[in-house]
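Take a look at the structure set out below.
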Amino acid sequence: MPPWLEPLERLVEAGGSVLVVIVLVAMLLFSLALERVWYFRITYRRARRALIRRWAARRDHLSWSALTLREAWTRDLIGRLRRPLPWLRLLVALCPLLGLLGTVTGMIAVFDSLALSDTSQARAMADGVARATLPTLAGMAVAVVGLLFTSRLEHIIRREDQRLHDRLARAVEESDA
């Protein structure tokens, strides 16, 4: 086995194959999180500026159709910011369940090995229980960090929705002056 795969081999030995699945889910979760940070800092801000310029360039700002158009534009822009939230929530909810699956399968393996050995060694059982609970710890840790990011992203989206409406109103005031 190549030396760069040794940590993965130790991970599988310590927590089982479910721990590898948790690591893959965590990588996907944090990749989506980094993509959202990138999107918010680069793409979203450009799109927001373009939307404000487009709204300010319009002649009609007060009619029902203009206000409806403004609402549709803002809903579309905020919707693009909100798009991966269901996937992030799904991955966050999946992590503790995968951890529990790893613990249950690990405990089954511990009891199975104890039944085959016909000895009740407390040390072997304690080591097996410790290995079995490692996936739960990993799943919960990833879920907590993912939950923190998801709630922060939801807060940013709510704040940006309000700011966008405020900036559009301010752009109309500045264009009328």
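The values are calculated or read from the model by the stated rules, or taken from the named source; none is laboratory data. Being a predicted model, the structure only gives us computed values, none of them experimental. Here the Cβ is made from the backbone with ideal geometry for all residues, glycine too, and neighbour counts use every protein chain on show.
Observations on the model:
Yes/no matrix, rows are residues, columns are (1) over 24 Å from the mean Cα position of the chain (by Cα); (2) part of a helix (DSSP H, G or I); (3) farther than 25 Å from Arg159 by Cα:
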site: Leu28; (1), (2), (3): no, yes, yes
site: Tyr39; (1), (2), (3): no, yes, no
site: Ile78; (1), (2), (3): no, yes, no
site: Leu81; (1), (2), (3): no, yes, no
site: Leu91; (1), (2), (3): no, yes, no
site: Pro96; (1), (2), (3): no, yes, yes
site: Ala109; (1), (2), (3): yes, yes, yes
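- Out of Thr74, Thr103, Thr119, sole residue that is over 30 Å from Arg167 (Cα atoms), under 26 Å from the mean Cα position of the chain (by Cα) and modelled with pLDDT under 95: Thr103
- Residue among Glu154, Glu160, Glu174 that alone is surrounded by fewer than 13 Cβ atoms within 10 Å (Cβ to Cβ) and touching a residue at least 40 places away in the same chain (Cβ under 8 Å): Glu174
- Flag for Trp87 being within 30 Å of Glu173 (Cβ to Cβ), assigned to a helix (DSSP H, G or I) and in contact with a helix residue (DSSP H, G or I) (Cβ under 9 Å, 6 or more places away or on another chain): no
- Near pairs, Cβ below 7 angstrom, 6+ apart or cross-chain, from the range 93-116 (farther than 15 Å from Asp127 by Cβ) to any residue that is at pLDDT 90 or above and among the polar types (S, T, N, Q): Gly99/Thr136; Leu100/Thr136; Gly102/Thr136
- Filter result for Ala26 (surrounded by 16 or more Cβ atoms within 10 Å (Cβ to Cβ) and hydrophobic (A, V, I, L, M, F, W, C)): yes
- Residues satisfying the stated conditions in the range 1-23, i.e. farther than 15 Å from Met107 by Cα and touching a residue at least 60 places away in the same chain (Cβ under 8 Å): Val21, Ile22, Val23
- Exclusive hit being modelled with pLDDT of 95 or more and part of a helix (DSSP H, G or I), set Ala138, Ala143: Ala143
- Taking the range 1-57 as the range and being among the acidic types (Asp, Glu) and either more than 28 Å from Pro86 (Cα to Cα) or touching a helix residue (DSSP H, G or I) at 6+ places or on another chain (Cβ under 9 Å) (or both) as the test, the residues that pass are Glu6, Glu9, Glu13.
- Glu71 vs. criteria assigned to a helix (DSSP H, G or I) and under 30 Å from Leu100 (Cα atoms): no
- Scanning the range 74-111 for residues that are crowded, with 17+ Cβ neighbours inside 10 Å and of a type in the set (A, V, I, L, M, F, W, C) gives Leu77, Ile78, Leu81, Leu88, Leu91, Val92, Leu94, Cys95, Leu98, Leu101, Val110.
- Flag: Leu134 does not match the condition of being of a type in the set (A, V, I, L, M, F, W, C), surrounded by 15 or more Cβ atoms within 10 Å (Cβ to Cβ) and farther than 29 Å from Val18 by Cβ.
- Condition met for Trp38 (surrounded by 12 or more Cβ atoms within 10 Å (Cβ to Cβ), over 23 Å from Met140 (Cα atoms) and of a type outside the set (D, E, K, R)): no
- Taking (1) surrounded by 12 or more Cβ atoms within 10 Å (Cβ to Cβ); (2) free of Cβ contacts under 8 Å to residues at least 12 places away in the same chain; (3) not hydrophobic (A, V, I, L, M, F, W, C) in turn, Ser63 satisfies each apart from (1).
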